[in-house]
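Peer 1: Here it is: the structure, laid out below.
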Amino acid sequence: MIKIFDYHDDFPLEGGGSLPGIVVAYHVFGTPNAAGSNYVWVCHALTANSDVADWWPGTVEPGRFLDPTRYCIVCANILGSCYGTTGPLSVCPTTGRHWYQGFPQVSVRDMVHAHQLLARHLGIRQVEMLIGSSIGGFQAVEWAVEEPDFARRLLLIATSARTSPWVAAFNASQRMAIEADATWGQRDAKAGLQGMAAARSIALLSYRGGAAYCKTQAEKESVLFNRRVDSYQRYQGEKLMKRFNAYSYYRMTEAVDSHDVGRGRGGIKAALARIQARTLLVAISSDLLFPVEEMRQQAAQISHSRFEIIDSDFGHDGFLVESDLLNNIIMRFISK
(Lines give C-alpha, C1' and ligand atoms only; values in the text may rest on other atoms or scores of the structure.)
Protein backbone atom coordinates (compact mmCIF):
# COMPACT_ATOMS: atom_id res chain seq x y z
CA MET A 1 0.00 0.00 0.00
CA ILE A 2 1.28 3.46 -0.89
CA LYS A 3 2.43 5.67 1.99
CA ILE A 4 2.99 9.43 2.07
CA PHE A 5 5.70 11.46 3.82
CA ASP A 6 4.79 15.12 4.19
CA TYR A 7 7.70 17.56 4.55
CA HIS A 8 6.48 21.04 5.45
CA ASP A 9 9.71 23.09 5.35
CA ASP A 10 11.11 24.76 2.24
CA PHE A 11 12.98 22.29 0.04
CA PRO A 12 15.98 24.00 -1.65
CA LEU A 13 16.78 23.02 -5.24
CA GLU A 14 20.25 22.58 -6.69
CA GLY A 15 19.46 24.89 -9.60
CA GLY A 16 18.27 27.69 -7.32
CA GLY A 17 15.04 28.51 -5.57
CA SER A 18 13.01 26.06 -3.53
CA LEU A 19 9.74 24.20 -3.26
CA PRO A 20 7.40 25.28 -0.43
CA GLY A 21 7.33 21.83 1.14
CA ILE A 22 7.10 18.47 -0.60
CA VAL A 23 5.35 15.13 -0.24
CA VAL A 24 7.07 11.85 -1.06
CA ALA A 25 5.12 8.70 -1.93
CA TYR A 26 6.69 5.36 -1.06
CA HIS A 27 6.08 1.63 -0.67
CA VAL A 28 7.46 -0.78 1.91
CA PHE A 29 7.68 -4.54 1.38
CA GLY A 30 8.60 -6.86 4.25
CA THR A 31 9.39 -6.04 7.85
CA PRO A 32 12.51 -4.55 9.47
CA ASN A 33 14.32 -6.89 11.86
CA ALA A 34 14.99 -5.95 15.48
CA ALA A 35 18.41 -4.50 14.65
CA GLY A 36 17.14 -2.58 11.63
CA SER A 37 19.90 -4.17 9.56
CA ASN A 38 17.86 -5.70 6.75
CA TYR A 39 16.74 -2.60 4.85
CA VAL A 40 17.05 -2.51 1.07
CA TRP A 41 16.41 0.76 -0.76
CA VAL A 42 15.41 0.59 -4.44
CA CYS A 43 15.71 3.69 -6.65
CA HIS A 44 13.34 3.51 -9.62
CA ALA A 45 13.76 4.48 -13.26
CA LEU A 46 12.23 7.27 -15.37
CA THR A 47 8.49 6.55 -15.58
CA ALA A 48 8.24 3.85 -12.90
CA ASN A 49 6.68 4.26 -9.47
CA SER A 50 7.36 3.28 -5.88
CA ASP A 51 5.65 -0.11 -6.26
CA VAL A 52 8.67 -2.18 -7.27
CA ALA A 53 6.63 -5.36 -7.64
CA ASP A 54 4.52 -3.56 -10.26
CA TRP A 55 7.28 -2.47 -12.64
CA TRP A 56 10.18 -4.90 -11.95
CA PRO A 57 8.75 -8.39 -12.52
CA GLY A 58 10.38 -11.39 -10.93
CA THR A 59 12.18 -9.44 -8.20
CA VAL A 60 9.98 -8.90 -5.11
CA GLU A 61 9.50 -12.59 -4.42
CA PRO A 62 10.77 -15.13 -1.87
CA GLY A 63 14.12 -16.51 -2.97
CA ARG A 64 14.87 -13.55 -5.24
CA PHE A 65 17.23 -10.65 -4.58
CA LEU A 66 14.34 -8.52 -3.28
CA ASP A 67 13.01 -11.19 -0.95
CA PRO A 68 10.34 -9.59 1.30
CA THR A 69 10.66 -12.45 3.80
CA ARG A 70 14.34 -11.60 4.27
CA TYR A 71 14.52 -7.85 3.71
CA CYS A 72 12.50 -4.72 4.41
CA ILE A 73 12.39 -3.11 0.98
CA VAL A 74 11.72 0.61 0.52
CA CYS A 75 11.14 2.40 -2.77
CA ALA A 76 10.10 6.06 -3.07
CA ASN A 77 8.65 7.91 -6.04
CA ILE A 78 11.05 10.53 -7.42
CA LEU A 79 10.56 14.28 -7.18
CA GLY A 80 8.79 15.66 -10.25
CA SER A 81 7.02 12.41 -11.09
CA CYS A 82 3.27 11.81 -11.03
CA TYR A 83 2.86 8.83 -8.71
CA GLY A 84 2.28 10.65 -5.44
CA THR A 85 5.46 12.66 -4.94
CA THR A 86 5.38 16.43 -5.55
CA GLY A 87 5.44 17.16 -9.28
CA PRO A 88 3.94 19.38 -12.00
CA LEU A 89 0.38 18.17 -11.40
CA SER A 90 0.62 18.89 -7.67
CA VAL A 91 -0.98 21.97 -6.14
CA CYS A 92 1.49 24.67 -5.10
CA PRO A 93 0.80 25.43 -1.40
CA THR A 94 1.52 29.14 -1.81
CA THR A 95 -0.75 29.74 -4.82
CA GLY A 96 -3.40 27.03 -4.41
CA ARG A 97 -3.03 26.23 -8.12
CA HIS A 98 -1.50 23.31 -9.99
CA TRP A 99 2.12 23.83 -11.01
CA TYR A 100 1.93 22.50 -14.59
CA GLN A 101 4.70 24.06 -16.70
CA GLY A 102 5.66 26.34 -13.80
CA PHE A 103 7.09 23.43 -11.84
CA PRO A 104 10.82 24.15 -11.44
CA GLN A 105 13.63 22.07 -12.88
CA VAL A 106 14.85 19.39 -10.49
CA SER A 107 18.12 17.46 -10.60
CA VAL A 108 19.02 13.90 -9.68
CA ARG A 109 20.72 15.35 -6.62
CA ASP A 110 17.42 16.99 -5.61
CA MET A 111 15.67 13.63 -5.96
CA VAL A 112 18.21 12.01 -3.66
CA HIS A 113 17.91 14.80 -1.09
CA ALA A 114 14.14 14.23 -0.96
CA HIS A 115 14.67 10.53 -0.34
CA GLN A 116 17.30 11.20 2.30
CA LEU A 117 14.67 13.19 4.19
CA LEU A 118 12.33 10.20 3.95
CA ALA A 119 15.04 7.81 5.17
CA ARG A 120 15.62 9.98 8.24
CA HIS A 121 11.87 10.19 8.83
CA LEU A 122 11.72 6.38 8.78
CA GLY A 123 14.70 6.13 11.12
CA ILE A 124 16.83 4.35 8.52
CA ARG A 125 20.48 5.20 9.10
CA GLN A 126 21.97 2.44 6.98
CA VAL A 127 20.74 -0.10 4.43
CA GLU A 128 22.04 -3.52 3.58
CA MET A 129 21.68 -2.73 -0.13
CA LEU A 130 21.10 0.38 -2.22
CA ILE A 131 19.91 -0.62 -5.70
CA GLY A 132 19.30 1.39 -8.84
CA SER A 133 18.94 0.73 -12.56
CA SER A 134 18.96 3.37 -15.32
CA ILE A 135 18.08 6.75 -13.74
CA GLY A 136 17.59 4.77 -10.55
CA GLY A 137 21.30 4.00 -10.79
CA PHE A 138 21.96 7.74 -11.10
CA GLN A 139 20.25 8.22 -7.76
CA ALA A 140 21.99 5.26 -6.12
CA VAL A 141 25.51 6.32 -7.09
CA GLU A 142 24.77 9.93 -6.13
CA TRP A 143 23.54 8.79 -2.72
CA ALA A 144 26.52 6.48 -2.18
CA VAL A 145 28.92 9.33 -2.95
CA GLU A 146 27.17 11.95 -0.83
CA GLU A 147 26.51 9.65 2.11
CA PRO A 148 29.22 6.91 1.97
CA ASP A 149 28.08 5.22 5.20
CA PHE A 150 24.47 4.79 4.10
CA ALA A 151 24.79 1.51 2.16
CA ARG A 152 26.80 -1.60 2.95
CA ARG A 153 26.28 -2.87 -0.60
CA LEU A 154 25.65 -0.86 -3.76
CA LEU A 155 24.10 -2.32 -6.92
CA LEU A 156 24.34 -0.24 -10.11
CA ILE A 157 22.55 -1.74 -13.12
CA ALA A 158 22.58 -0.38 -16.69
CA THR A 159 23.55 3.11 -15.58
CA SER A 160 26.42 5.63 -15.43
CA ALA A 161 28.17 8.21 -13.29
CA ARG A 162 27.38 11.01 -15.74
CA THR A 163 24.86 11.52 -18.53
CA SER A 164 26.62 11.34 -21.88
CA PRO A 165 25.89 13.73 -24.78
CA TRP A 166 24.42 10.70 -26.59
CA VAL A 167 21.81 10.14 -23.88
CA ALA A 168 21.12 13.87 -23.60
CA ALA A 169 20.50 14.01 -27.37
CA PHE A 170 17.71 11.44 -27.08
CA ASN A 171 16.20 13.52 -24.27
CA ALA A 172 16.41 16.73 -26.30
CA SER A 173 14.64 15.00 -29.21
CA GLN A 174 11.88 13.83 -26.88
CA ARG A 175 11.35 17.34 -25.52
CA MET A 176 11.16 18.67 -29.07
CA ALA A 177 8.39 16.15 -29.78
CA ILE A 178 6.45 17.36 -26.74
CA GLU A 179 6.97 21.02 -27.67
CA ALA A 180 5.59 20.30 -31.16
CA ASP A 181 2.23 19.33 -29.64
CA ALA A 182 -0.10 22.33 -30.10
CA THR A 183 -1.59 21.78 -26.63
CA TRP A 184 1.77 21.94 -24.83
CA GLY A 185 1.82 24.71 -22.24
CA GLN A 186 -1.91 24.70 -21.54
CA ARG A 187 -2.94 24.46 -17.89
CA ASP A 188 -4.41 21.02 -18.35
CA ALA A 189 -3.27 17.57 -17.23
CA LYS A 190 -3.84 16.30 -20.78
CA ALA A 191 -1.71 18.98 -22.45
CA GLY A 192 1.13 17.67 -24.60
CA LEU A 193 0.07 14.03 -24.40
CA GLN A 194 0.29 13.37 -28.15
CA GLY A 195 3.76 14.91 -28.14
CA MET A 196 4.70 12.70 -25.21
CA ALA A 197 3.51 9.64 -27.12
CA ALA A 198 5.88 10.58 -29.95
CA ALA A 199 8.63 11.16 -27.37
CA ARG A 200 8.06 7.69 -25.98
CA SER A 201 8.45 6.25 -29.47
CA ILE A 202 11.85 7.95 -29.73
CA ALA A 203 12.85 6.65 -26.29
CA LEU A 204 11.92 3.07 -27.17
CA LEU A 205 14.47 3.05 -29.98
CA SER A 206 17.19 3.81 -27.45
CA TYR A 207 15.84 1.32 -24.88
CA ARG A 208 15.72 -1.67 -27.22
CA GLY A 209 17.97 -1.16 -30.27
CA GLY A 210 17.92 -2.88 -33.65
CA ALA A 211 18.53 -6.46 -32.55
CA ALA A 212 15.54 -6.46 -30.20
CA TYR A 213 13.22 -4.92 -32.80
CA CYS A 214 14.28 -7.45 -35.43
CA LYS A 215 13.69 -10.22 -32.92
CA THR A 216 10.24 -9.14 -31.73
CA GLN A 217 8.68 -6.84 -34.34
CA ALA A 218 9.43 -8.47 -37.68
CA GLU A 219 6.45 -9.43 -39.83
CA LYS A 220 5.90 -13.19 -39.94
CA GLU A 221 5.47 -13.08 -43.72
CA SER A 222 6.78 -10.82 -46.46
CA VAL A 223 4.48 -7.78 -46.72
CA LEU A 224 4.48 -4.50 -48.62
CA PHE A 225 4.36 -2.38 -45.46
CA ASN A 226 5.44 -3.38 -41.94
CA ARG A 227 2.36 -2.49 -39.91
CA ARG A 228 3.48 -4.54 -36.93
CA VAL A 229 6.25 -2.18 -35.84
CA ASP A 230 4.11 0.89 -36.58
CA SER A 231 1.31 -0.38 -34.33
CA TYR A 232 3.82 -1.33 -31.63
CA GLN A 233 5.28 2.18 -31.47
CA ARG A 234 1.83 3.77 -31.35
CA TYR A 235 0.61 1.30 -28.74
CA GLN A 236 3.53 2.06 -26.42
CA GLY A 237 2.90 5.79 -26.76
CA GLU A 238 -0.79 5.32 -25.98
CA LYS A 239 0.04 3.19 -22.93
CA LEU A 240 2.17 5.97 -21.48
CA MET A 241 -0.55 8.55 -22.21
CA LYS A 242 -2.90 6.61 -19.93
CA ARG A 243 -0.58 6.63 -16.92
CA PHE A 244 1.74 9.64 -17.17
CA ASN A 245 1.67 13.33 -18.05
CA ALA A 246 3.80 15.42 -20.39
CA TYR A 247 4.84 17.97 -17.77
CA SER A 248 6.39 15.34 -15.53
CA TYR A 249 7.96 13.57 -18.51
CA TYR A 250 9.53 16.81 -19.72
CA ARG A 251 11.01 17.59 -16.29
CA MET A 252 12.21 14.00 -15.85
CA THR A 253 14.23 14.13 -19.06
CA GLU A 254 15.82 17.37 -17.87
CA ALA A 255 16.69 15.70 -14.58
CA VAL A 256 18.42 12.91 -16.48
CA ASP A 257 20.51 15.53 -18.27
CA SER A 258 21.56 17.01 -14.90
CA HIS A 259 23.35 13.88 -13.77
CA ASP A 260 27.08 14.23 -13.08
CA VAL A 261 28.23 12.67 -9.84
CA GLY A 262 31.51 14.60 -10.09
CA ARG A 263 29.92 18.07 -10.26
CA GLY A 264 31.30 20.16 -7.39
CA ARG A 265 33.32 17.20 -6.09
CA GLY A 266 36.52 17.44 -8.08
CA GLY A 267 35.37 15.28 -10.97
CA ILE A 268 34.01 11.77 -11.39
CA LYS A 269 37.15 9.92 -10.30
CA ALA A 270 37.34 11.83 -7.03
CA ALA A 271 33.61 11.38 -6.42
CA LEU A 272 33.59 7.63 -7.04
CA ALA A 273 36.60 7.24 -4.76
CA ARG A 274 34.33 8.28 -1.89
CA ILE A 275 32.15 5.18 -2.22
CA GLN A 276 32.71 2.77 0.66
CA ALA A 277 30.02 0.20 -0.12
CA ARG A 278 30.87 -3.14 -1.67
CA THR A 279 29.68 -2.49 -5.20
CA LEU A 280 28.28 -4.59 -8.03
CA LEU A 281 27.94 -3.06 -11.49
CA VAL A 282 25.92 -4.92 -14.12
CA ALA A 283 26.01 -3.91 -17.79
CA ILE A 284 23.81 -5.17 -20.64
CA SER A 285 25.80 -6.31 -23.69
CA SER A 286 23.53 -4.52 -26.20
CA ASP A 287 22.75 -1.38 -24.15
CA LEU A 288 22.90 1.67 -26.43
CA LEU A 289 22.53 4.18 -23.59
CA PHE A 290 25.09 2.87 -21.11
CA PRO A 291 27.59 0.75 -23.08
CA VAL A 292 29.60 -2.03 -21.50
CA GLU A 293 32.93 -0.19 -21.72
CA GLU A 294 31.50 2.92 -20.08
CA MET A 295 30.29 0.86 -17.13
CA ARG A 296 33.55 -1.08 -17.01
CA GLN A 297 35.47 2.20 -16.67
CA GLN A 298 33.13 3.27 -13.90
CA ALA A 299 33.74 -0.01 -12.06
CA ALA A 300 37.50 0.51 -12.27
CA GLN A 301 37.13 3.77 -10.32
CA ILE A 302 35.17 2.23 -7.42
CA SER A 303 37.01 0.33 -4.70
CA HIS A 304 35.66 -3.08 -3.68
CA SER A 305 33.71 -3.36 -6.92
CA ARG A 306 32.67 -6.28 -9.08
CA PHE A 307 31.67 -6.00 -12.74
CA GLU A 308 29.30 -8.34 -14.58
CA ILE A 309 27.75 -8.39 -18.06
CA ILE A 310 24.35 -9.78 -19.05
CA ASP A 311 24.38 -11.05 -22.62
CA SER A 312 21.04 -9.93 -24.04
CA ASP A 313 19.54 -8.72 -27.32
CA PHE A 314 17.07 -6.49 -25.48
CA GLY A 315 19.31 -3.46 -25.05
CA HIS A 316 18.85 -1.17 -22.09
CA ASP A 317 15.54 -2.89 -21.29
CA GLY A 318 17.51 -6.04 -20.60
CA PHE A 319 17.49 -5.21 -16.89
CA LEU A 320 13.69 -5.61 -16.98
CA VAL A 321 13.50 -8.52 -19.41
CA GLU A 322 16.36 -10.74 -18.20
CA SER A 323 15.13 -11.09 -14.62
CA ASP A 324 16.51 -14.61 -14.10
CA LEU A 325 20.00 -13.75 -15.35
CA LEU A 326 20.04 -10.59 -13.25
CA ASN A 327 18.80 -12.44 -10.18
CA ASN A 328 21.54 -15.09 -10.51
CA ILE A 329 24.25 -12.42 -10.69
CA ILE A 330 22.92 -10.47 -7.71
CA MET A 331 22.37 -13.58 -5.57
CA ARG A 332 26.01 -14.59 -6.12
CA PHE A 333 27.06 -11.09 -5.07
CA ILE A 334 24.88 -11.23 -1.95
CA SER A 335 26.18 -14.67 -0.98
CA LYS A 336 29.73 -13.34 -0.88
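The values are calculated or read from the model by the stated rules, or taken from the named source; none is laboratory data. The model shown is predicted, which means the values in this text are computed figures rather than measured ones. Reconstructed Cβ throughout: ideal geometry from the backbone, glycine too, with neighbour counts over all protein chains shown. Side chains included, ligands, DNA and RNA excluded: accessible areas come from the protein's heavy atoms. Shrake-Rupley method; radii C 1.70, N 1.55, O 1.52, S 1.80 Å.
Peer 1: Applying the Karplus parametrisation 6.51 cos²θ - 1.76 cosθ + 1.60 with θ = phi - 60° to the phi angles of the stretch 98-107, what ³J(HN,Hα) value in whole Hz is obtained for each residue in order, glycine and proline being reported as x?
Peer 2: Residue by residue, the stretch 98-107 yields 5, 5, 6, 5, x, 5, x, 5, 10, 10 Hz.
Peer 1: In nm, what is the difference between 0.36 nm times the number of residues separating Ser303 and Glu146 and their Cα-Cα distance?
Peer 2: 54.9 nm
Peer 1: Taking the Cα-to-Cβ direction at Gln116 and at Ala169 and moving 7 Å from each Cα, how far apart do the two end points lie in nm?
Peer 2: Output for this residue pair reads 3.4 nm.
Peer 1: A further question follows. So what's the net charge close to Ser323: Lys and Arg +1, Asp and Glu -1, counting the other residues with Cβ under 13 Å from its Cβ?
Peer 2: Net local charge, Ser323 excluded: -3.
Peer 1: Continuing with this model, one more query. Taking a label point 7 Å from the Cα of Glu61 along the Cα→Cβ vector, which residues of the stretch 310-326 have an amide N closer than 17 Å to it?
Peer 2: Once the point is set 7 Å along Cα→Cβ of Glu61, 319-326 turn out to lie under 17 Å by backbone N, inside the stretch 310-326.
Peer 1: Given a 10 angstrom Cα cut-off, can you work out which residue in Asn245, Asn38, Asn77 is the most mobile in a GNM of the chain?
Peer 2: It is Asn38.
Peer 1: While we're here: Would you please give the FRET efficiency between Ile4 and Thr31, computed as 1/(1 + (r/R0)^6) with r the Cβ-Cβ distance and R0 = 22 Å, to the nearest 0.05?
Peer 2: According to the calculation, E is roughly 0.65.
Peer 1: Quick one: which of 205-218, 20-33 comes out on top by average Cβ neighbours within 10 Å, and what's the full order, highest first?
Peer 2: 20-33, 205-218
Peer 1: Output the antiparallel fraction of DSSP beta bridges having both residues in the chain, as a percent to the nearest 5.
Peer 2: Beta bridges within the chain, antiparallel portion: roughly 35 percent.
Peer 1: Let me ask something additional. Would you kindly derive the ³J(HN,Hα) couplings of the stretch 155-162 from the backbone phi angles with the Karplus curve 6.51 cos²θ - 1.76 cosθ + 1.60 (θ = phi - 60°), listing them in order in whole Hz, with x for Gly and Pro?
Peer 2: Those phi angles translate into 10, 10, 10, 6, 8, 7, 8, 7 Hz.
Peer 1: Roughly how many whole Å is it from the C-alpha centroid of the stretch 276-327 to that of the stretch 74-140?
Peer 2: 25 Å
Peer 1: Another one. Is the shape of the stretch 219-313 rounded, prolate or oblate, going by the alpha carbon gyration tensor and its root eigenvalues a ≥ b ≥ c, with a/c under 1.5 for rounded and a/b larger than b/c for prolate?
Peer 2: Oblate is the answer for the stretch 219-313, as a/c is 1.5 or above yet b/c matches or exceeds a/b.
Peer 1: On to the next question. Please list, in order, the residues from the stretch 76-93 whose amide nitrogen is less than 15 Å from a point placed 7 Å along the Cα→Cβ vector of Glu14.
Peer 2: 78-80
Peer 1: Once you charge only the Cβ atoms, +1 for Lys and Arg and -1 for Asp and Glu, what is the size of the charge dipole of the chain about its Cα centre, to the nearest 20 debye?
Peer 2: The dipole magnitude comes to about 200 debye.
Peer 1: Same structure, new question: With the contact rule set at Cα under 8 Å and sequence spacing of 6 or more, what percent relative contact order holds for the stretch 44-133?
Peer 2: 21 percent
Peer 1: Something else now. By how many nm would the segment from Arg274 to Arg332 lengthen if fully extended, with 0.36 nm per residue of separation less the alpha-carbon distance?
Peer 2: This chain segment gains 18.4 nm when fully extended.
Peer 1: May I pose another question? For the chain, with a Gaussian network of springs between Cα atoms less than 10 Å apart, report the residue from Glu308, Glu128, Glu221 with the top mean-square fluctuation.
Peer 2: Glu221
Peer 1: Between rounded, prolate and oblate, where does the stretch 1-80 land on the alpha carbon gyration tensor, with a ≥ b ≥ c its root eigenvalues, rounded for a/c under 1.5, else prolate if a/b exceeds b/c?
Peer 2: Prolate, since a/c reaches 1.5 and a/b exceeds b/c.
Peer 1: Hey, another quick one. Under 5 Å between amide hydrogens, which residues at least 5 positions from Ile310 or on another chain qualify, with H placed 1.01 Å from N in the peptide plane?
Peer 2: It is Ala283, Ile284, Ser285, by chain and number.
Peer 1: Further, regarding this structure: Go ahead and set up a Gaussian network model of the chain, Cα springs under 10 Å, then flag whichever of Leu79, Leu289, Leu224 fluctuates most.
Peer 2: Per the Cα network of the chain with a 10 Å cutoff, Leu224 tops the list.
Peer 1: Here's a follow-up. Quick one: if you stick a label point 7 Å off each Cα along the C-beta vector at Arg227 and Thr69, how many nm between them?
Peer 2: About 4.9 nm separates the two model spin labels.
Peer 1: In what order, largest first, do Met252, Met331 sit by accessible area if the probe radius is 1.4 Å?
Peer 2: Met331, Met252
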